[in-house]
Amino acid sequence: MSEKKTVHSVLSELVTARLDTLQYNLNDLKTSAANETKSTAGDKYETALAMLQAEQVIVSNQIQQTMEQLTLVKTLDYHLINESVVTGSLVETETSYFYLSTAVGKLMVLNSKPVFAISELSPLGKILKGCKQNDTIILNNFKHRIIELS
C-alpha cells in the first residue's frame, strides 16, 4: 500500500469515527433532554433543559463541520500525482509529511515521520499550494524543503 493511500485511509477512518462519536453524543443529549423531568424547582428544570439544548446546538454544528470534512476527504483521489502541490497532495519534507486535505492535525501513520493533515486555507497550506519538488518554503522562520510530492 502506498504512503499516500495509507494516509488517506487513516484520515478517512479518523473523520468517520469522529462523526460517529458526535452523532452518538447528540443522540445522548436528546435522550437526556427528553428524560429531564420537571421538578418542584422549576428554575432548575428550565436551566438544565436550556443547557442541554445549547449543547445540542454545539454538537450539531460540530457534526455539520465534520460531515463537510468527510465529504472533502471522499472527493480526494489518492492515485493522482501532480507536479505541484494541490489539495490531495502528500508533501514530504526533511522533517515531516503534509497531507493537504482537511485540518485534523497530526497523524501517526508512517513510521519515519509524522503526517500533518492540513487545510489549504491554513497558513502553511497557502504557502505550499503550487510549490514543486525541491522548492523551499519558510514559515515562522523554519525552512521546509519539499523532497517529494505524491
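The values are calculated or read from the model by the stated rules, or taken from the named source; none is laboratory data. Predicted, not measured: the structure shown is a model, and the values here were computed from it. Quick reminder, even Gly has a Cβ in these numbers, built from the backbone with ideal geometry, and neighbours come from all protein chains shown. Surface accessibility is based on the protein's heavy atoms, side chains included, excluding ligands, DNA and RNA. Shrake-Rupley method; radii C 1.70, N 1.55, O 1.52, S 1.80 Å.
When only C-alpha pairs under 8 Å and at least 6 residues apart count, what is the relative contact order of the range 47-119, in percent? Write down the numbers at each step before the final one.
Details: 78 pairs, mean separation 14.1, N = 73.
Relative contact order here is 19 percent.
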When each of Lys30/Lys74; Lys5/Lys126; Lys5/Lys74; Lys5/Lys143; Lys74/Lys113 is checked by Cα-Cα distance, pairs over 19 Å: Lys30/Lys74; Lys5/Lys126; Lys5/Lys143; Lys74/Lys113
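Using only helices, what value at 222 nm comes out for the chain when you add -39,500 (n - 2.57) per DSSP H run of length 4 or more and divide by the total residues, to the nearest 500 deg cm²/dmol?
Numbers: 3 runs with 73 residues, N = 150.
For the chain, the value works out to -17000 deg cm²/dmol.
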Candidate aspartates and glutamates - alpha carbon under 14 Å from Lys132, same-chain residues fewer than 8 apart omitted: Glu83, Glu92, Glu148
Degrees, to the nearest 10: 42-75 long Cα axis against longest axis of the chain: 20 degrees
Dipole magnitude (debye, nearest 20) for the chain, charges at Cβ of Lys, Arg, Asp, Glu: 260 debye
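So what's the projected area for the range 89-129, the Cα convex hull averaged over all directions, in nm²? Show your work: numbers first, answer last.
Values: hull surface 10.5 nm².
Projected over every direction and averaged, the Cα hull of the range 89-129 covers 2.6 nm².
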Positive-end residue of Leu139, Leu70, Leu80, charge dipole of the chain with Cβ unit charges: Leu139
Highest-first arrangement of 91-100, 9-18, where packing means the average Cβ count within 10 Å: 91-100, 9-18
Leu139 long-range amide H proximity, modeled H, under 5 Å: His144
Per residue accessible area in Å² of the range 12-131, where ligands, DNA and RNA are left out and the probe is 1.4 Å: 59 Å²
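Name the shape class, rounded, prolate or oblate, that the alpha-carbon gyration tensor gives for the chain, where a ≥ b ≥ c are the square roots of its eigenvalues, rounded holds for a/c under 1.5, and otherwise prolate holds if a/b is larger than b/c and oblate otherwise. Numbers along the way, then the final one.
Numbers: a/c = 3.56, a/b = 2.70, b/c = 1.32.
In terms of gyration-tensor shape, prolate.
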